[in-house]
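Only one structure is covered here, and it is reproduced in the block below.
The values are calculated or read from the model by the stated rules, or taken from the named source; none is laboratory data. These numbers were taken from a predicted model, which means no experiment stands behind them. When we count neighbours, we look across all protein chains shown, and the Cβ atoms used for this are built from the backbone with ideal geometry, even at glycine.
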Amino acid sequence: MKTIKEAARETRVAREADVVVVGGGPGGIGAAVSAARNGADTVLIERYGYLGGMGTGGLVTIIPLLTDVHGKQQIIGLTQEWIDRLEVRDAVDYPKKEHWGSDDKEIVRYYFDRSFFMTRLDRVIYAAIIDAEISKVILNDMVEEAGVKTYLHSWGTEPIMEGNECKGVIFESKSGRQAVLGKVVIDATGDGDLLPYAGIEFEDNIPPNFRIANLALIFWVDGVDLKKAMDFRMNNPKEFMELNRKAMEAGGQGGFMPSNLPNQDAVVWFHNRFPNKSQVDVEELTRVEFEGRKKMIKTYEFFKENMPGFEKSFIVLSGPQLGTRSSRRLIGEYRLTKEDMANNEPFEDTIAIFPDLDRGQESLDHPLMYIPYRCLLPKNVDNLLVACRAFSSDEHVQEWFNLIPHCIAFGEAAGTASALALQAGVNPKNVDIKALQKQLARQGVPLPEIKAAV
Ligand SMILES: Cc1cc2nc3c(=O)[nH]c(=O)nc-3n(C[C@H](O)[C@H](O)[C@H](O)COP(=O)(O)OP(=O)(O)OC[C@H]3O[C@@H](n4cnc5c(N)ncnc54)[C@H](O)[C@@H]3O)c2cc1C
């Protein structure tokens, strides 16, 4: 491979902070808000002009799997705060609390028709459909109120390393190349962008038949007569299937999902999937942006012409941000594997519990997934944590447990741990786990046998 040598240069230090978080998606929001609320001077660096990552810019507007099969809420904390703040603005929809866990066939059917995500294992599950635009405002409020110094339009490009210690991050923007020095750095880029440059071990194997092997360009079609479309779909299932087949034959995408908010019921979304070799290869990303839009046009034109209810429809939005599901994964102090999904015992350093609802009988046998703090910690580098879908896990755990509420939980744990470690004058690897768990419990994170100290 041909290379060039870059000249050494002086780089301006834009700021010195306690905690520097790179990436303002679900993981980064969780990390930055938690670090700042726990007293750390915190900087957040985000490459785009808004926060929320896939949850806003990727048009992935569903926060699912918050209750277990019995209807008990297992994920609360900052995820619930995001939902509560949306509720104040009438910008979220979820099943009524009294229905969580219900196996009443009619009630389950009602929510299934509302959104596939509101049911699992023939029960009603607490999943929230969120407004992407209002979420952007709310997430800005959350970081601002917490006192986080945020740099938007800024790419975190390189960790600043001294031996095996991370001392900050280089970031690039319209203002040029600058540095932020930090006592702790949190990689919340989703893709573990800092790992290769920090000399941290990672893996990126994904079997091609896995959900996470697909890039996606989601798009929304507005002006749909949803009742007419759904009546056709319900009363003519064979014809509907045939239409979908023909849409794909014409180079488009089959199926649409009516999962937007009740006041957006003329909008449906299509999920344009692209199997790929790498979700961090710029040539692949470019290919999918081009192919995704070609496929979008073919899909839209086919549905407008052939599907009842789409006669006056129009494309209102395609994902401002390409949907990436998984790429680099840390090989950390603990690597969660398939075997852990069959384990019903919490870890001593459990920092989150996730309902397991997507795996049929296996989910019924193992209804909860416990997450240890160690899966956020690299083995050979100090002062750097991972708080996003790049957490330390094999491809099986990654397939099921890298969703929005999961990543917020990684962030809450990493941000809180960083602030506590700095207060105690220790490396985040040596944070007092009991103190961390107590503080997370105070912040509304359900943990095994941990009672919040009042
Ligand atoms: C099509 C699709 C459908 C999905 N469906 C669901 C669903 O229904 N429900 C659900 O909960 N999850 C779903 N997911 C998964 C979920 O969206 C992600 O796993 C989750 O958003 C991961 O959060 P994260 O914080 O790790 O990463 P991201 O959401 O990707 O956020 C990373 C953030 O970091 C920023 N960033 C990245 N690199 C840099 C850099 N170098 N410098 C500065 N900033 C950077 C990004 O712009 C982004 O804001 C879906 C994903 C896709 C793609």
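The residues listed here are V445, V386; of these, the one that is closer than 24 Å to T56 by Cβ and away from the ligand (no atom under 16 Å from the Cβ) is V445.
Checked against the criterion of being more than 16 Å from the ligand (Cβ to nearest atom), surrounded by fewer than 16 Cβ atoms within 10 Å (Cβ to Cβ), of a type outside the set (S, T, Y) and not assigned by TED's automatic domain parsing to the domain that holds E46, the range 252-261 has no qualifying residue. With the condition kept exactly as written, say whether any residue in the range 114-124 is under 30 Å from N427 (Cβ atoms), buried (at least 17 other Cβ atoms within 10 Å of the Cβ), within 11 Å of the ligand (Cβ to nearest atom) and among the polar types (S, T, N, Q). Checked the range 114-124: no residue is under 30 Å from N427 (Cβ atoms), buried (at least 17 other Cβ atoms within 10 Å of the Cβ), within 11 Å of the ligand (Cβ to nearest atom) and among the polar types (S, T, N, Q).
Is there any pair linking a residue in the range 389-409 that is within 7 Å of the ligand (Cβ to nearest atom) to one that is assigned to a helix (DSSP H, G or I), with Cβ under 6 Å and at least six apart or on different chains, and which? Correct list of pairs: R389/C407; I404/P26; I404/G55; P405/T79; C407/P26; C407/G27.
Return the total of residues in the range 427-454 being modelled with pLDDT of 95 or more, part of a loop (DSSP other than H, G, I, E, B) and not charged (D, E, K, R). Steps first, answer last, please.
Initial filter on the range 427-454 (modelled with pLDDT of 95 or more): 427-447.
Still in the list and also part of a loop (DSSP other than H, G, I, E, B): 427, 431-432, 443-447.
Then drop every residue that is not not charged (D, E, K, R), which leaves 427, 431, 443-447.
The number of residues fulfilling the criteria is 7.
Going by the structure shown, is G30 modelled with pLDDT of 95 or more, within 14 Å of the chain's Cα centre (by Cα) and within 6 Å of the ligand (Cβ to nearest atom)?
Working: modelled with pLDDT of 95 or more: yes; within 14 Å of the chain's Cα centre (by Cα): yes; within 6 Å of the ligand (Cβ to nearest atom): no.
The answer is no for G30.
Condition first: assigned to a loop (DSSP other than H, G, I, E, B), farther than 17 Å from Q321 by Cβ and out of contact with any Cys (no Cβ under 8 Å at 6 or more places or on another chain). Can you find one or more residues in the range 280-295 that meet it? Checking the range 280-295: not a single residue is assigned to a loop (DSSP other than H, G, I, E, B), farther than 17 Å from Q321 by Cβ and out of contact with any Cys (no Cβ under 8 Å at 6 or more places or on another chain). Report yes if some residue within the range 108-127 is over 23 Å from L403 (Cβ atoms) and aliphatic (A, V, I, L, M); otherwise report no. Taking every residue of the range 108-127 in turn, none turns out to be over 23 Å from L403 (Cβ atoms) and aliphatic (A, V, I, L, M).
Quick grid of which residues meet (1) within 20 Å of the chain's Cα centre (by Cα); (2) of a type in the set (K, R); (3) within 30 Å of L364 (Cβ to Cβ):
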residue	(1), (2), (3)
G292	no, no, no
K298	no, yes, no
I315	no, no, no
L322	yes, no, no
R328	yes, yes, no
N344	no, no, yes
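Residue by residue, here is whether (1) near the ligand (Cβ under 8 Å from one of its atoms); (2) part of a helix (DSSP H, G or I); (3) not assigned by TED's automatic domain parsing to the domain that holds I130 holds:
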{"residue": "E6", "(1), (2), (3)": "no, no, yes"}
{"residue": "V20", "(1), (2), (3)": "no, no, no"}
{"residue": "S34", "(1), (2), (3)": "no, yes, no"}
{"residue": "G39", "(1), (2), (3)": "no, no, no"}
{"residue": "Y48", "(1), (2), (3)": "yes, no, no"}
{"residue": "L65", "(1), (2), (3)": "yes, no, no"}
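Scan the range 189-200 and give yes if some residue there is buried (at least 16 other Cβ atoms within 10 Å of the Cβ), of a type in the set (A, V, I, L, M, F, W, C) and farther than 21 Å from N427 by Cα, otherwise no. No, that holds for no residue. Exactly one condition in (1) crowded, with 16+ Cβ neighbours inside 10 Å; (2) of a type outside the set (A, V, I, L, M, F, W, C); (3) away from the ligand (no atom under 14 Å from the Cβ) is false for P207; which is it? Checking P207 against (1) crowded, with 16+ Cβ neighbours inside 10 Å; (2) of a type outside the set (A, V, I, L, M, F, W, C); (3) away from the ligand (no atom under 14 Å from the Cβ), the one that fails is (1).
Specify the residue that is nearest to the ligand (Cβ to nearest atom); the eligible residues are those in the range 302-329 that are part of a helix (DSSP H, G or I) and touching a residue at least 12 places away in the same chain (Cβ under 8 Å). Walk me through it before giving the result.
If we filter the range 302-329 for residues that are part of a helix (DSSP H, G or I), which is where we start, we get 302-306.
Okay, now just the ones that are also touching a residue at least 12 places away in the same chain (Cβ under 8 Å), so 302-303, 306.
On the way: F302: 21, F303: 19, N306: 25 Å.
For the range 302-329, the residue satisfying everything is F303.
Looking at the range 211-231, can you tell me whether even one residue there is assigned by TED's automatic domain parsing to the domain that holds M307, farther than 29 Å from R9 by Cα, more than 14 Å from the ligand (Cβ to nearest atom) and in a strand (DSSP E or B)? Within the range 211-231, one or more residues are assigned by TED's automatic domain parsing to the domain that holds M307, farther than 29 Å from R9 by Cα, more than 14 Å from the ligand (Cβ to nearest atom) and in a strand (DSSP E or B). Scanning the range 414-436 for residues that are within 17 Å of the chain's Cα centre (by Cα), at negative phi and in contact (Cβ under 8 Å) with a residue 24 or more places away in the chain turns up at least one hit.
Search the range 315-333 for residues being surrounded by fewer than 20 Cβ atoms within 10 Å (Cβ to Cβ) and touching a helix residue (DSSP H, G or I) at 6+ places or on another chain (Cβ under 8 Å), and hand back the single one that is nearest to L385 (Cα to Cα). Checked the range 315-333; the qualifying residue nearest to L385 (Cα to Cα) is E333.
Considering only residues that are of a type outside the set (S, T, N, Q), crowded, with 18+ Cβ neighbours inside 10 Å and away from the ligand (no atom under 16 Å from the Cβ), which ones fall in the range 334-350? Within the range 334-350, Y334, R335, D340, M341, F347, D349 qualify. Determine, yes or no, whether G182 is of a type outside the set (K, R), surrounded by 14 or more Cβ atoms within 10 Å (Cβ to Cβ) and within 16 Å of the ligand (Cβ to nearest atom). Criteria met by G182. Here S363 passes the criteria (1) of a type in the set (S, T, Y); (2) crowded, with 22+ Cβ neighbours inside 10 Å; (3) over 17 Å from V20 (Cα atoms) except the one numbered (2). Considering the range 81-109, and only residues there that are closer than 22 Å to A188 by Cβ and crowded, with 19+ Cβ neighbours inside 10 Å, the residue that is farthest from the ligand (Cβ to nearest atom) turns out to be L86. The lone criterion from (1) in contact with a Pro (Cβ under 9 Å, 6 or more places away or on another chain); (2) surrounded by fewer than 16 Cβ atoms within 10 Å (Cβ to Cβ) left unmet by R177 is number (1).
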